Every structure is written in structure tokens, then in C-alpha cells.
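Undergrad: My structure is below; once you've seen it, I'll send some questions.
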Amino acid sequence: MYLQKSISVFLLIFCQLICQSQELTLETLTSYPFPSSLTAAGTGNKIALAINEQGKRNIWVAEGPTFQLRRLTNFLIDNGAELSGLKVSNDGRWVVYVKGGDHGAFEESEPRNPSSLPIKPKVEVWSIPFEGGNPVCLGSGDYPIIAPDSRQVLFEQDGQLWTVPIDGEKKATPLFFARGKNGNARFSPDGSRVVFVSDRDDHSLIGVFHNTETPIQWLAPDFSRDLSPRWSPDGAAVVFVRTAANGGVPDSLTMQKPRPWAIWRCDLLGEHAVKIWSSPNTLSGSVPTTDGGFNLHWAAKDRIIFVSYHDGWPHLYSVSAQGGEAICLTPGDFMVEHVRLSTDRNRVLFSANTGDNNDDIDRRHLYSVSIAKNQLEALTQGEGIEAFPVPTGDDQYVLFIKSTAHLAPTLTVMPFKPRAPQRMIGEKLVPQALRDASLIKPQSVSWKSTDGKTVYGQLFEPKHKTQKQPAIVFIHGGPQRQMLSGWHYGDYYANTYALNQYLASKGFIVLAVNYRLGIGYGFDFHKPANAGRFGASEYLDIRSAGQWLAKRADVDAQRIGVYGGSYGGYLTALALGKDPDLFAAGVDIHGVHNYMGRVHRQSAELAPDVDLAIKLAKESSPVSWVDHWKSPTLIIHGDDDGNVDFHQSVDLIERLKTQSIHLETIMIPDETHHWMLYRNQLRVDQAVADFFEKTLTKTKK
């Protein structure tokens with residue numbers, strides 16, 4: 001009897017130890033090596049990318065046909081120094097990159113110092129031999145490009161363009177001087193000239209630099225904003241985008257207005273300029289605001305490729321460089337992203353949220369299409385998410401970032417053929433513990449908002465549900481984002497996917513909401529009326545998400561939490577202020593809380609609806625709902641945020657102190673909007689999970 005009891009106790013303890021050893025941790029879930037800035041040489045099959053391994057960011061390279069990854073740099077500490085802007089020279093001998101900055105903030109080239117180092121940080125352009133060696137600092141600056149002959153590097157510094165030998169043997173010098181903020185530069189195909197944009201506040205110009213003895217050639221200058229210049233393959237002409245300059249009689253602040261645009265071609269010899277395509281003067285014909293914007297390319301056979309939203313979805317179009325009717329290359333109810341030309345300029349590669357599966361609208365697959373016919377070829381299909389296609393310089397292979405519900409974003413290669421075999425060449429860098437982790441496959445769901453609009457999302461359900469579970473609504477930021485049915489291709493949302501997996505492993509039902517204002521579901525969803533500071537109509541989708549969860553038989557309606565970052569933090573704060581009886585706790589991460597200061601009455605010539613705009617901005621601001629607030633709240637913000645003013649959280653916290661609520665705060669000195677330090681990212685994730693375990697694991701009275 002005693003022996004049986006002892007065996008039973010031993011087995012119970014053994015089972016508990018096994019369960020504990022298999023329990024997911026945030027350290028495991030966030031251990032993925034995140035790839036970014038994938039690029040390829042213009043010839044051959046050499047490629048490079050940046051990989052972030054728990055804050056240790058390095059440049060990695062590979063060469064076909066084996067594509068064995070090799071670490072090129074030796075940055076082995078988590079110091080928050082971002083690596084971006086990678087380029088491989090056409091001869092394959094050099095890799096150029098930018099170290100520092102915050103490329104995701106409004107001022108991307110602003111130095112950041114999340115490690116609080118006592119030495120002022122810099123944003124610098126570096127080069128390193130592809131075969132290995134010591135990195136060389138080419139100068140302080142950003143946005144480098146390499147000359148076609150692989151000898152010179154051009155980069156931006158303080159609004160001017162600088163040039164430097166790629167080996168750093170000589171110091172960088174200004175290429176020329178021009179008024180304004182000069183950037184978006186491109187070498188002509190033969191490398192003898194540079195086209196660039198000169199931004200002059202209310203207007204911008206397209207300029208061509210020939211040499212130090214020749215005046216800058218301004219292409220069809222006008223009272224407009226000219227953008228995105230692209231050379232013809234023979235270097236004889238440039239196409240660019242023309243939009244309206246800033247000015248005119250003040251118009252409605254609260255009503256959406258079309259922002260039409262046009263594509264112009266200018267022949268450098270004789271300076272003959274002609275408009276070759278115009279967008280319709282409609283809301284959907286406005287300047288596209290999805291990935292890559294206009295995505296303007298001068299392809300082979302004198303075809304101009306671009307993206308427009310005018311048929312209700314962001315699609316690829318092709319028009320002759322001489323003008324005429326544009327052909328839609330990608331008809332259908334889906335969006336295109338991550339657009340690239342093949343090296344020979346005869347095909348366009350891109351990702352799209354369409355495919356064989358009904359829920360592919362919440363994925364991305366790779367496609368290619370001819371530059372002149374709408375005959376799509378699916379390069380990938382299935383339950384994966386494939387993004388950022390990059391062809392090798394010989395057009396033999398396509399490199400891209402692949403993920404699934406279980407596999408974190410990973411560098412993958414395939415022959416440039418439809419549905420060819422894939423090799424996940426970056427998988428070896430994924431820690432074994434993460435590869436072995438038992439993750440949940442989120443389910444694509446949809447429901448009706450309170451005004452009848454359809455809302456979308458992904459549902460994470462715990463594997464073992466024994467009773468009514470607490471639930472959490474996750475709200476993405478942006479707001480021009482879409483959460484997917486697997487690991488996200490963006491670094492910020494790869495992290496929130498990991499956090500949602502962790503919360504589900506702790507017994508929470510998690511609903512990631514794709515609310516109106518997000519991408520992936522067409523123009524009307526992306527650009528709704530009465531949204532943001534002028535009505536916050538998108539909040540209806542958040543409220544409906546909580547109500548949808550509350551009606552589920554497996555959810556305890558008294559224990560529904562809400563969290564989100566950036567725009568998701570804004571909507572989290574609105575949820576806690578407007579619906580405290582629905583949302584029992586919330587975590588607001590660097591959200592906007594007060595829109596009232598963003599509508600001004602100081603101009604002598606006021607907009608006709610300025611009073612309405614101020615009224616709507618007040619009603620749409622979380623600070624206006626503080627008196628209704630009663631649920632436990634955690635507010636998190638880094639004080640070097642380049643996207644949301646840190647004062648937004650300071651102000652809300654001071655207002656909430658007047659209320660009798662449970663309020664917790666985490667302030668992270670010198671950290672940015674994007675958790676540049678891995679240890680800060682992990683700290684924030686753990687704080688979110690701990691807060692919900694503390695506030696939602698007991699039934700609300």
C-alpha cells in the first residue's frame with residue numbers, strides 16, 4: 001500500500017516536471033532570427049541580408065547554387081544598432097549597408113541610443129568585402145546606392161548627396177549642391193549621371209546631375225510635387241510621378257478628398273515632357289499608400305509598370321512609355337505587395353493575398369506576371385506566407401522570406417519557375433527549441449461590426465480548454481497593416497505573433513483583429529469614412545470584436561482584455577474609456593491619446609468645417625473618456641519614440657491618476673517605438689502577459 005502510494009506520488013511529480021519542461025517561454029518564442037533587407041547583386045547569384053538574433057544584428061551573405069549562409073560581420077552584442085539599406089555591388093565584390101538610425105520612424109536617419117551609451121551615436125554608411133574582411137566606414141549618412149561600375153557609393157547626408165569610393169580609400173565628398181532636401185537618387189544605366197528629387201517643402205523637383213561643370217538639369221519644373229524618378233534602360237529619358245503641390249483654398253478637414261496623380265516622361269535631350277497616364281479623379285484613384293507606394297518601374301519593351309488602387313484593389317498596371325491605355329496585370333479581389341522587376345525587366349515579381357485556399361486572403365504568396373499581359377504565374381502556394389521576392393542577378397533563382405503558423409520568418413530559395421521546390425536555407429539558424437515548440441494554428445474568422453461592416457481576424461485557441469476561458473483582443477498598429485494566419489513578415493508583428501502564441505499557451509483565447517483602416521480587404525475597407533481623429537469609425541470593429549468573444553460559449557464575458565501598440569494602443573485606450581464594462585483590463589503600448597492639439601484654428605483662413613473637426617477630434621481622443629475609465633490598465637512607452645510623441649502617454653497617465661483605477665506604468669529610457677533592444681522587447685512582452693494573468697485569471701465580480 002505504501003509502495004503504491006509512493007509510486008503514485010512519484011508519477012504525479014514526474015508528470016508535472018515533464019509538463020514544466022515542455023511549457024512555452026517567451027524566451028523560446030522570441031528566439032527566432034529575424035531576416036530583413038534582402039538584396040542581390042545585379043549580375044550572378046550573390047545575395048545579402050541582415051539577420052537579427054535576439055538583438056545581435058549581422059550581415060549574412062550566400063551565393064548560388066548552394067546558397068550556404070555565411071555571417072559577414074561580427075556584431076555580437078545586443079546594443080540596438082539597426083542594420084539597413086543593404087546593397088551588393090554589380091561585380092559581387094562588396095556589400096554596402098547602413099548602421100544606426102530607426103528605419104520605421106518618421107525621421108529614419110535620426111540617431112538613436114537605446115543602450116544609453118555615453119558616446120553620441122551616429123548613422124553611418126559602411127562597406128565590407130563580400131568574401132570577408134574588415135568593415136569600412138564610408139561616412140555619416142543614409143540611403144546608399146552603388147554605381148553600376150561598382151566603384152562609387154552615393155548616399156544622403158543632411159539633405160545633400162555625397163560620393164565616396166566603395167573601398168573607402170578616399171573620404172566622402174559632396175557630389176554637388178542644390179537647394180532643398182535632396183534624395184531618392186538613382187544612377188543612370190551607364191553611371192555617368194544621377195537623377196534625384198529635390199524636396200522644397202510645398203513643392204519638389206526632379207533634377208539630373210551631369211558633372212561639376214554643368215548646371216543641374218531640372219525636368220519639366222512646375223508648381224507641383226514631382227516624385228519617384230526612374231531611368232529608361234538606355235538612359236535617354238526619365239519617368240516620374242507628378243502630384244499637386246501643397247496649397248489652395250482651405251477645404252473640408254473631415255471629408256475625404258481625391259488626391260489624383262500622373263506619370264510623366266521627360267526626354268533629356270531637348271527636354272520634351274509629356275504626361276503618359278493620369279489616375280481617375282476619385283478617392284480610389286488617389287495616391288496609393290500600400291507597400292512601395294507608386295512602385296514605378298521602367299521595364300523592357302518600353303513598358304512602364306506601376307501600382308494603382310483605382311479599381312478598388314492595389315493592382316499592377318502596365319502602360320507604354322509613349323502613353324496610351326494602361327493594362328491591369330493583376331485583376332481580381334486581392335492586393336499586391338513587395339513588387340520587384342526581374343533582372344531582364346521582362347517580368348514583375350510580387351506577393352499577393354490570393355491563392356488556392358479560401359483563407360489565403362490572410363496570407364501572402366509569390367507571383368510573377370509578364371510586363372504586358374495579365375497572365376499570372378503562381379510561384380508559391382499552400383499554407384505558407386511568402387514575402388519580399390528578390391531575383392538573383394542571373395534570374396535563375398528567387399530568394400524570399402517564408403513563414404507558416406509554426407515556422408518563424410526564414411530565408412528561402414527556389415528556382416525562378418512556377419511552384420518549383422523550395423529550400424529554407426535560413427532554417428538552420430532557428431534554435432531547436434523553437435523548431436520543436438508546439439504552436440497553435442490560428443483560425444481565420446470574420447464577423448459583423450456594430451454597423452454591419454464585415455471585420456476579419458485570426459483566433460488563437462488554447463489547446464486544452466477545461467472551462468470558460470479569459471480572452472484577449474489584440475489590436476495591430478499602423479493602421480495600414482494586416483495580421484496573417486501565421487508568423488508575420490514584419491519584425492514588430494512577428495513579435496506580437498509570438499506574444500499571442502504565448503498568451504494562448506497560458507489559457508487565453510486571443511483574437512487578433514483586422515479592423516477597417518487596415519490593408520488586404522480592398523479600398524473601402526482601407527479608407528473608410530469618419531475614421532481616425534474625425535470619428536474613429538474603426539473603433540466599432542474593436543467593440544464588435546469584444547462582443548463577438550463575449551457571445552462565445554468558451555469565453556468568460558467578464559474576463560476580456562485588450563492590448564495593442566501604436567495605433568493599436570490608441571484603440572486600446574478608446575476601448576478602456578468607452579467600454580469599461582466590456583473590457584476588463586488593458587495594456588496600452590505607446591498609443592496616441594489626444595487628437596485635439598492636431599486640429600488648429602490659428603489660420604486667418606479657416607477650413608469650412610474646422611469647428612466640426614475640433615468636435616470630432618475631441619470625441620475621438622481617449623483623454624475625453626477618462627471619466628468613464630475603470631478597468632485595470634498598464635501603459636508602456638519608451639521616451640525616444642520617433643513615431644508617437646512620448647508626451648501622449650505622460651498626459652494620459654496624469655489624467656488617469658485622478659481616477660480610482662488600478663494603473664501600472666513602464667517607462668523605458670532612450671528606447672524607440674520598435675524595441676531596438678531585444679531585452680526591452682522581451683521585458684515588454686513579459687509585462688503584457690504577467691499583467692493579464694494578474695488581472696484576468698480570476699472571475700470579475
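Undergrad: Tell me, please, whether a residue that is at pLDDT 95 or above and open to solvent by less than 40 Å² (accessible area, probe 1.4 Å) can be found in the stretch 248-258.
TA: no
Undergrad: Here's a follow-up. Can you go through VAL164, VAL195, VAL208 and tell me which one is farther than 19 Å from PRO229 by Cβ and either assigned to a strand (DSSP E or B) or at pLDDT below 95 (or both)?
TA: Residue meeting the stated conditions: VAL164.
Undergrad: From the list GLU654, GLU664, which residue is free of Cβ contacts under 8 Å to residues at least 40 places away in the same chain and within 22 Å of ILE472 (Cα to Cα)?
TA: GLU664 is the lone residue from the list that is free of Cβ contacts under 8 Å to residues at least 40 places away in the same chain and within 22 Å of ILE472 (Cα to Cα).
Undergrad: Does VAL445 satisfy the condition of being in a strand (DSSP E or B), farther than 30 Å from ILE509 by Cα and either open to solvent by less than 70 Å² (accessible area, probe 1.4 Å) or among the hydroxyl-bearing types (Ser, Thr, Tyr) (or both)?
TA: no
Undergrad: In the stretch 610-640, which residues are open to solvent by 20 Å² or more (accessible area, probe 1.4 Å) and in a loop (DSSP other than H, G, I, E, B)?
TA: Those that are open to solvent by 20 Å² or more (accessible area, probe 1.4 Å) and in a loop (DSSP other than H, G, I, E, B): LYS630, PRO632, ASP639, ASP640.
Undergrad: Go through the stretch 400-420 and count every residue that is among the aromatic types (Phe, Trp, Tyr) and crowded, with 24+ Cβ neighbours inside 10 Å.
TA: Looking only at that region, the number is 1.
Undergrad: Does the stretch 541-551 include one or more residues that are farther than 27 Å from THR282 by Cα, open to solvent by less than 10 Å² (accessible area, probe 1.4 Å) and assigned to a loop (DSSP other than H, G, I, E, B)?
TA: no
Undergrad: Moving on to the next point. If you go through the stretch 379-399, how many residues are farther than 20 Å from PHE306 by Cα and either touching a residue at least 40 places away in the same chain (Cβ under 8 Å) or crowded, with 19+ Cβ neighbours inside 10 Å (or both)?
TA: Within the stretch 379-399, residues that are farther than 20 Å from PHE306 by Cα and either touching a residue at least 40 places away in the same chain (Cβ under 8 Å) or crowded, with 19+ Cβ neighbours inside 10 Å (or both) number 14.
Undergrad: Can you report the number of residues in the stretch 526-540 which are over 10 Å from TYR515 (Cβ atoms), in a loop (DSSP other than H, G, I, E, B) and open to solvent by 10 Å² or more (accessible area, probe 1.4 Å)?
TA: 4
Undergrad: So in the stretch 193-218, with the set limited to residues that are polar (S, T, N, Q) and in contact with a Gly (Cβ under 8 Å, 6 or more places away or on another chain), which one is surrounded by the most Cβ atoms within 10 Å (Cβ to Cβ)?
TA: SER204
Undergrad: For ASN134, work out the one condition from (1) in a loop (DSSP other than H, G, I, E, B); (2) touching a Gly at 6+ places or on another chain (Cβ under 9 Å); (3) open to solvent by 30 Å² or more (accessible area, probe 1.4 Å) it doesn't fulfil.
TA: (2)
The values are calculated or read from the model by the stated rules, or taken from the named source; none is laboratory data. Here the structure is a predicted model, which is why all the values come from computation and not from measurement. FYI the Cβ positions are ideal-geometry reconstructions off the backbone, even for glycines, and counts take in every protein chain you see. Heads up: the accessible areas ignore ligands, DNA and RNA and are worked out on the full protein's heavy atoms, side chains in. Shrake-Rupley method; radii C 1.70, N 1.55, O 1.52, S 1.80 Å.
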